[in-house]
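**Student:** Encoded as structure tokens, here's the structure I'll be asking about.
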């Protein structure tokens, strides 16, 4: 009996995780399409990494996101 | 939205990473715990001498070349004997399944090898099995096995995990002094079956035991004989 | 922010850990070469008395490579990358500098003592978790100090966006913390028995099958969080930086990150196939191992595509060559792993040298190549000197690449040969070979492997020499190069 519960728990959690992973893919592409966010600009972080290079985000995300509805 | 929440703060992300890591472990490992720890019927805990032998096995890291896990294939059961079941390992802390078989599996070696065979083999493997690439372990005749630590381990597992040891296994120096002759007697019994090698005679081994020290090889053989 | 004009990154910690990376890399590979030779020529077991047998030295090799070489490589690159992508200097925080220095010295001294303890045979005998409890405590302290540094640096960062590499380092830190703690739960017998026996000895909290479950949960994921996650973090920084090309798709890198975290952990039970672990779990282990190809290849393909339109760099810049080859080996070993996790393949492969081959195409081809390129990239910037010799790098590259190929092909053949011989039966169903027949059959492959090991070690010594010459005699450069690492022809 306990074994069944465990299989259920296993399948359900991995199911949830799969859904979330795919949800995340959707989220990424959607928010880029709608122009809310540009992820690719973060790729520059590795290239312009002198201490006096301009920063890409000067506010932490928690504050940045407040401005959005 | 959820994803935005994670992206928002590195520490939320850290929490989420930890959660993802932990969940898998929880579901995979925890539910099996009680069941897998139950010993098979008639399984006896290791004697103190055998524990000391197991320590020698660990110290010289035989696990680098030997497994103790017979898989349920005909080719394995023909070669090594019945396949292994969970309950047989109930007193193995740590487990010694190994991951590489440069040498054969040893889980049931006590069924088909004897004290004398081991003695000759550990002294010089290629002399017993031509072409063997196993190293000789001659220092085991000189070094004394740490029977006191083995006893300390027995006390620990008895108290902490209720391993069924007799009343002789108790905390403290005194209890150990009282128990030590039992271990030496067990060692003597093994040593008496030995024949002696070209380098160390049987008498020298016995003499060492009578002086209160058990050569590593004697403890190791006691342990190997117990693997059945 | 105007006041930063004079501010510079502080590389002193990165330098210190780079030194350790090279030291431990050399030691680990030297011992590895001896081990390879011992299996081909057993008389080599007696060079150091009881301390020199194959079995005593093997944990030394694995632990030095994992906890010595790779972990110092992770620390060194963190103290380099971390500052740069967060655009904040360690100079700005006395506290973090002090923590970092304590971490360094504790690590150095702890590592030396741990090496001695393993030589003496003081061991818990759990693979890749051999250290006895006092050393475990030191490991935990070092790790916490490192965590403090990561969090601290993130806390004072100027660049508020976290680059993907930082995510990987963070995951490495968290993952290893959890794994290490749970797997090493043990009771020190000295204290529980009223002061009897050895102070160092401990007994595992888990027994038998449970211990095995926890151990392979650890073993598998330690590879994930030690050999995969942080190394991917390195390549996400060093390849774009060296080539001047931003990563091909940043979104793909985020996806692969979560995919890797999620899938890798479920695949652990494939190490226990055909054992006493429940069947359905072993099956799930296989399924997830196969799924693991996706996120792993996601990262690797992302790296290859980063070079799109810039392939000429591959011929011009030896560092690019190293990194691209590293990604390729990463792809190879992440497809090989799932294949070995298929139950019927596992039945043959498990316990054989094929597994050893798999580990080594991953570690020699991926981890070591990546860490060496990282050091080649960092050294001119840390010491303001040009790399001493391009010729030497080129030679080293070909020598080591040939060595890796020789290594894994010989071990594949050895493993499959032995696996097949163990199960071979004659027409009456009797086993055809005694065990020693299957050992004798491997001799030629063990010899080839030894040659491969010597070649690889020679290549590593060229690397050491090149770095040494760079630091002491390389042509000085005034300005930090932005992308391509300057290398004297």
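**Student:** Sticking with the crude label model, points 7 Å out along Cα→Cβ, report the distance from residue C:182 to residue A:9 in nm, one decimal please.
**Tutor:** Each label point lies 7 Å from its Cα, and together they span 1.2 nm.
**Student:** Let me ask another. Estimate the FRET efficiency between residue C:8 and residue C:398 by the formula 1/(1 + (r/R0)^6), using the beta-carbon distance for r and 56 Å for R0, to the nearest 0.05.
**Tutor:** Computed FRET efficiency for residue C:8 and residue C:398: 0.90.
**Student:** Let me ask something additional. Take peptide C:422-435, look around each residue's Cβ out to 10 angstrom, count Cβ atoms belonging to other protein chains, and average those counts.
**Tutor:** Averaged over the peptide's residues, the number is 3.
**Student:** Here's a follow-up. Multiply the residue separation of residue C:140 and residue C:47 by 0.36 nm, subtract the distance between their alpha-carbon atoms, and state the gained length in nm to one decimal.
**Tutor:** Length difference between fully extended and current span is 30.1 nm.
**Student:** So, in nm, how far is label residue A:56 from label residue B:77 when the simple model puts each one 7 Å beyond its Cα toward the Cβ?
**Tutor:** The two pseudo-label positions are separated by 5.9 nm.
**Student:** So what's the Cα pair-distance distribution over the stretch C:366-489, bin width 10 Å, in %?
**Tutor:** Spelled out bin by bin, the stretch C:366-489 gives 12, 31, 20, 15, 11, 7, 3, 0 percent.
**Student:** Normalised by the empirical 2.2 N^0.38 Å for globular proteins, what value does the Cα Rg of the protein assembly as shown take?
**Tutor:** 0.99
**Student:** Let me ask another. State the Cα centre-to-centre distance between the stretch C:365-390 and the stretch C:112-136 in whole Å.
**Tutor:** Going from one Cα centre to the other spans 31 Å.
**Student:** What value, in deg cm²/dmol to 500, does the helix sum -39500 (n - 2.57) over DSSP H runs of n ≥ 4 give at 222 nm once divided by the residues of chain C?
**Tutor:** Taken over chain C, the calculation gives -22500 deg cm²/dmol.
**Student:** Follow-up. Residues of the stretch C:380-402 with backbone nitrogen within less than 11 Å of a virtual label 7 Å along the Cα-to-Cβ line of residue C:465, please, listed as ranges.
**Tutor:** Under 11 Å, as judged by backbone N against the label point of residue C:465, lie C:392-393, C:396 of the stretch C:380-402.
**Student:** As a test of the formula, what do you get for chain B when each DSSP H run with n ≥ 4 contributes -39,500 (n - 2.57) and the sum is divided by the residue count, at 222 nm and rounded to the nearest 500 deg cm²/dmol?
**Tutor:** Helix-only estimate at 222 nm: -16000 deg cm²/dmol.
**Student:** Average projected area of the Cα convex hull of the stretch C:1-162, in nm²?
**Tutor:** 10.5 nm²
**Student:** Could you tell me how many cubic angstrom of Cα convex hull volume chain C has per residue?
**Tutor:** 162 Å³
**Student:** Right, here's the next one. How far apart, in nm, are two points set 7 Å out from the Cα along the Cα-to-Cβ line at residue C:304 and at residue C:430?
**Tutor:** Spacing of the two 7 Å Cα→Cβ label points: 5.1 nm.
**Student:** Hey, how much of the P(r) for the stretch C:143-254 falls beyond 24 Å, as a percent of Cα pairs?
**Tutor:** The proportion of pairs with Cα distances above 24 Å equals 47 percent.
**Student:** Ranked highest first by average number of other Cβ atoms within 10 Å, how do C:243-255, A:17-29, C:146-158, C:425-437 line up?
**Tutor:** Listed from highest to lowest mean packing, they are C:243-255, C:146-158, A:17-29, C:425-437.
**Student:** If R0 is 51 Å, what FRET efficiency do you get for residue B:12 and residue B:201 from their C-beta distance, rounded to 0.05?
**Tutor:** Approximately 0.10, to the nearest 0.05.
**Student:** Compute the long axis of helix C:208-222 from its Cα atoms, compare it with the longest principal axis of the Cα atoms of chain C, and write down the angle in degrees, 0 to 90, nearest 10.
**Tutor:** The helix C:208-222 is inclined about 30 degrees to chain C.
**Student:** A further question on this structure: Using the alpha carbons of chain B, what is the convex hull volume per residue in cubic angstrom, as a whole number?
**Tutor:** About 187 Å³ per residue, rounded to a whole number.
**Student:** Dividing the convex hull volume of the alpha carbon atoms of the stretch C:406-461 by its residue count, what do you get in Å³ per residue?
**Tutor:** 61 Å³
**Student:** Mind checking the mean number of beta-carbon atoms from other chains within 10 Å of the Cβ atoms in C:382-392?
**Tutor:** Rounded to a whole number, the mean comes out at 0.
**Student:** If you take the beta carbon distance between residue B:85 and residue C:119 as r and set R0 to 45 Å, what does 1/(1 + (r/R0)^6) give as a FRET efficiency, to the nearest 0.05?
**Tutor:** That pair, residue B:85 with residue C:119, gives E of 0.80.
**Student:** So, one more: Which angle between 0 and 90 degrees, to the nearest 10, do you get for helix C:353-362 versus the longest principal axis of chain C when only C-alpha atoms count?
**Tutor:** Around 0 degrees separate the two axes.
Where a number appears in this text, it was derived from the coordinates with a stated rule and is not lab data. Bear in mind the structure is a predicted one, so any value in this text is a computation, not a measurement. Cβ coordinates were reconstructed from backbone atoms using ideal geometry, including for glycine residues, and neighbour counts include every protein chain displayed.
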